[in-house]
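Worksheet: one structure, shown below.
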2 protein chains.
Amino acid sequence: MPVVEDIGDGSQDSLLCRVTANGHVGWGEAVCSPTAGIAAWITPMSHSGCHPVIDSVLGQNLNNPTDIKRIYNLVRKNSFYGLLQSDLLISGIEIAMWDCLARSLEVPIWQLLGYKKSEPKLPYASVLFGDTAEETRSKAVLINRAGFKAIKFGWGAFGTTCLGDDEAHIFAAREGIGQDGMLMIDAGTVFKDNVAEAAKRLPALKEANVHWFEEPFDGYAISNYGELSAYQPKVALAGGEGAHNPYQAKQLIDYGHVEFIQIDAGYIGGIGNAYEVAQYAKGKNIKYVNHTFTSQSALSSSLQAYAGIKESNISEYPMEPKALCQELTVDKIEVDKAGMIYAPDKPGLGVEINLAEIKKYLVDVEIKVEGKLLYYTPTL
Amino acid sequence: MPVVEDIGDGSQDSLLCRVTANGHVGWGEAVCSPTAGIAAWITPMSHSGCHPVIDSVLGQNLNNPTDIKRIYNLVRKNSFYGLLQSDLLISGIEIAMWDCLARSLEVPIWQLLGYKKSEPKLPYASVLFGDTAEETRSKAVLINRAGFKAIKFGWGAFGTTCLGDDEAHIFAAREGIGQDGMLMIDAGTVFKDNVAEAAKRLPALKEANVHWFEEPFDGYAISNYGELSAYQPKVALAGGEGAHNPYQAKQLIDYGHVEFIQIDAGYIGGIGNAYEVAQYAKGKNIKYVNHTFTSQSALSSSLQAYAGIKESNISEYPMEPKALCQELTVDKIEVDKAGMIYAPDKPGLGVEINLAEIKKYLVDVEIKVEGKLLYYTPTL
């Protein structure tokens, strides 16, 4: 984007990965600081466990889902040590591999995962809190009028001023959406590991009948989630967007006792890992929810993993993406008349990248090591 | 290094961070793929939680330990989302801040942490398995003769061929070191999350009387550590070098039931985080051990956090570092006549970076974004 604002909005940038195999092309987006992701792609080897991601991906065969898993495992094995960024980069590449493979077979990705049907999901509008409680209320009214039965407010100043302000935002959101709407609150990790401080918000959250309280703590602070889950009044916890591998998501379920596990395929290592968590959650009667705050391509990626799980029937729907993420795809996953969305019933991700439109956003990056040009931005 | 081998040896590269404040200079090493770490330093902002690390560090005041914690917290707050590599980069910067501050106050870092005394630690020689069991035995004999009472063998082909081969290496190591030596085995995460496969090694490990069995699993696979800890025959587990924040280390203690927690200050976010884990471990009667496989500067960094904890009396001592890590410092932490080592009783880290020697290893890196040079290697 020409201007990037210092706000909790991940739609201001995109690390878009293109995979070519057997004459087919696939695309995937990583939730990843782009320049750091590019560096993970080409950084010279330091250690058998610290290879650049390129070493495990380029030249591999891609003929079936087993190949995708094999290539993912290669990256984890060859790049796990000192190259944490590889977990994010591979997420975009893995999604692009699924897209490429499923397009070549002319089936949706969710079919390759073994689902028979793409089940309806209730999309919730995911937006930032207003600067004032009144602004939060107005946003809720507008979104409600636009036909959304569910809204999530998050980030902004929540947790950074005082309890009274947070309560005002919570009640304003409820007022705006009406008594029947489904309301969620996202603290954006603001309480870090301070359970007592987060717990002070529980009475208001309970009174406002919120469906879940999301990410009160640092994504790694799993035992703090577990502690808060035992507090009264009891409010269902949600989290998981910070999971960059399936282990962390499972731990958030088992030790953190979240009731909603929210996974971003572009963060957790791709669609295969997201699917693994979705199945694990299903086995534990935990609701799986996608995390998506950016483009329609990212939305489709994150819907695939649980497309066929009927019980997990809620979906995060990005409402205010910046122009880059709006223009990134030709098509959109539209909300139907019943107010529901579906993972597309089309080959691959089922959305087309709009190369002509996004060309103008392409940023030239060059990385040279010892005078050798290891990376330069390819043409679109 | 002119040549980097594809082996489990982290001493083949170094991301050395230099901090200047109030006219003083400090140095710290991050266990971090250098080019990826540099990218985390300067990558353009994507999101309020995805700032380049430079935004939270440059221009800050550095007058006391509280400032170090404050700057670390800023990095976590401003760079936690989509920039995982920042956890590793900040480790080197944080260490350099301690070095800089302690030098300005003319005290060792461990004194700034509140320790009254630097307690003796039994250094164990940390080496790679031989290519054959016979080679492992010979290495053990030589190291034993060099005066080391404790040896750890790790990585190599362990876990990648068959149970018989692993058992042969374990028994050869025991034979080489003798019945009285302290022997540790490091699986280098090779079993990923396969508890049954790791458990097959327990009888041999028990019979060879190993002091601990290290990193059988992926560093994130905490519940698998917990499962293996309940197997018979019982062998003490060790792990933690993959912890890039204190939450993970505490979870490995609480849920993984390791009996030894091994922390690399250059990975976990620096000396402050390592200290936090050391104190936590002490409170739970778990032995804290440094993880160090590279330079003497890294060894000193990792010794600081538990320098004053008498009960945690073992230390990993790098035995076979490549030339870069041998030449990195002017001085060494020598093993004394009683076979013990100490965190240095000198200002800062107590070891001097040998700029004249390591100049030849300096690698030119250039990162350009939209034609703007965001990073180039500074002169030494």
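A few notes on this one:
- Filter result for B:ALA208 (more than 28 Å from B:LEU112 (Cα to Cα) and among the hydrophobic types (A, V, I, L, M, F, W, C)): yes
- The residues in the range A:225-261 that are hydroxyl-bearing (Ser, Thr, Tyr), within 10 Å of chain B (Cβ to nearest Cβ) and in a loop (DSSP other than H, G, I, E, B) can be counted, and the count is 1.
- Tally, over the range B:283-304, of residues that are in a helix (DSSP H, G or I), touching a strand residue (DSSP E or B) at 6+ places or on another chain (Cβ under 7 Å) and more than 23 Å from B:ALA187 (Cβ to Cβ): 4
- Residues in the range A:327-380 that are within 14 Å of chain B (Cβ to nearest Cβ) and assigned to a loop (DSSP other than H, G, I, E, B): A:LEU362, A:VAL363, A:ASP364, A:GLU370, A:GLY371, A:THR377.
- Tally of residues being aromatic (Phe, Trp, Tyr) and in a strand (DSSP E or B) across the range A:180-224: 2
- Pick from the range B:142-159, criterion at pLDDT 95 or above and farther than 23 Å from B:ILE341 by Cα, ranking: surrounded by the most Cβ atoms within 10 Å (Cβ to Cβ): B:PHE158
- Subset of the range A:179-207 that is open to solvent by 10 Å² or more (accessible area, probe 1.4 Å) and among the acidic types (Asp, Glu) - its residue that is nearest to A:HIS169 (Cα to Cα): A:GLU207
- Of all the criteria given as (1) more than 14 Å from chain B (Cβ to nearest Cβ); (2) not in a helix (DSSP H, G or I), the one not satisfied by A:TRP110 is (2).
- Within the range B:80-107, the set of residues being surrounded by fewer than 23 Cβ atoms within 10 Å (Cβ to Cβ), assigned to a loop (DSSP other than H, G, I, E, B) and among the aliphatic types (A, V, I, L, M) comprises B:VAL107 only.
- Count of the range A:266-288 residues which are within 14 Å of another protein chain (Cβ to nearest Cβ) and either in contact with a Leu (Cβ under 8 Å, 6 or more places away or on another chain) or not basic (Lys, Arg) (or both): 8
- Against the list (1) open to solvent by 10 Å² or more (accessible area, probe 1.4 Å); (2) in a helix (DSSP H, G or I), the condition A:ILE68 fails is (1).
- Pick from the range B:1-46, criterion within 21 Å of B:GLY59 (Cβ to Cβ) and in contact with a Gly (Cβ under 6 Å, 6 or more places away or on another chain), ranking: farthest from the other protein chains (Cβ to nearest Cβ): B:VAL19
- With respect to the conditions (1) crowded, with 16+ Cβ neighbours inside 10 Å; (2) in a loop (DSSP other than H, G, I, E, B), A:ARG174 falls short on a single one, namely (2).
- Those residues of the range B:295-320 which are at pLDDT below 95, within 18 Å of B:ALA265 (Cβ to Cβ) and open to solvent by 20 Å² or more (accessible area, probe 1.4 Å), in sequence order: none
- The combined condition, being at pLDDT 95 or above, among the acidic types (Asp, Glu) and in a loop (DSSP other than H, G, I, E, B), is fulfilled by A:GLU119.
The values are calculated or read from the model by the stated rules, or taken from the named source; none is laboratory data. Just so we're clear, the structure is a prediction, and the values are computed from it rather than from any experiment. Every residue, glycine among them, receives a Cβ derived from its backbone with ideal geometry; neighbour counts consider all protein chains shown. Note: accessible area is taken over every heavy atom of the protein model, side chains too, but ligands, DNA and RNA are not part of it. Shrake-Rupley method; radii C 1.70, N 1.55, O 1.52, S 1.80 Å.
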